[in-house]
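Read the structure below first, then the notes.
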Amino acid sequence: QVQLVESGGGLVQPGGSLRLSCAASGITFSINGMGWYRQAPGKQRELVATITRAGYTNYADSVKGRFTISRDIPKSTVYLQMNSLKPEDTAVYYCNVLGGGVNYWGKGTLVAVSS
């Protein structure tokens, strides 16, 4: 059974940084891509950043230059380094893994940016 466990969320002041981690377990297939999505209160879930098996990255325009996605393939772990955080980055952040034709999701970790 595939499980994705996110960590690293919390409360941070504007301009601060956080690093999210997502460890995948129960993986028995080739991972095609990993990524982070977020959902703010009253809004739809949106893409934040993705990284393919080959290492190609894609970012939402709103986070380009501030967020960096990376992964550790042997550990089946994906990271999201978030710098220069803004109040509008406040959301629940979800980890995503695509493999075997299926999208897997974590339960989410809350990031709150407030002074």
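If a residue must be on the phi > 0 side of the Ramachandran plot and either modelled with pLDDT of 95 or more or assigned to a strand (DSSP E or B) (or both), how many such residues does segment 1-32 contain?
The qualifying residues number 3.
Could you grab me the full set of residues in segment 73-110 that are closer than 16 Å to Cys22 by Cα and among the basic types (Lys, Arg)?
Lys75, Lys107
Do we find that Gln44 is without any contact (Cβ under 8 Å) to a residue 40 or more places away in the chain, under 23 Å from Asn58 (Cβ atoms), among the polar types (S, T, N, Q) and surrounded by fewer than 14 Cβ atoms within 10 Å (Cβ to Cβ) in this structure?
It is true that Gln44 is without any contact (Cβ under 8 Å) to a residue 40 or more places away in the chain, under 23 Å from Asn58 (Cβ atoms), among the polar types (S, T, N, Q) and surrounded by fewer than 14 Cβ atoms within 10 Å (Cβ to Cβ).
Give all pairs with beta carbons closer than 7 Å in which a residue from segment 83-112 that is closer than 18 Å to Gly35 by Cβ meets a residue that is part of a helix (DSSP H, G or I) and open to solvent by less than 40 Å² (accessible area, probe 1.4 Å); count only pairs at least 6 apart in sequence or on separate chains.
So the pair list comes out as Val111/Asp89.
The values are calculated or read from the model by the stated rules, or taken from the named source; none is laboratory data. Since the structure is predicted, the reported quantities are computational estimates derived from the model, not experimental observations. Don't worry about glycine lacking a Cβ; one is built from the backbone with ideal geometry, like all the others, and counts go over all protein chains shown. Quick note on the areas: whole protein, heavy atoms, side chains included, nothing else; ligands and nucleic acids left out. Shrake-Rupley method; radii C 1.70, N 1.55, O 1.52, S 1.80 Å.
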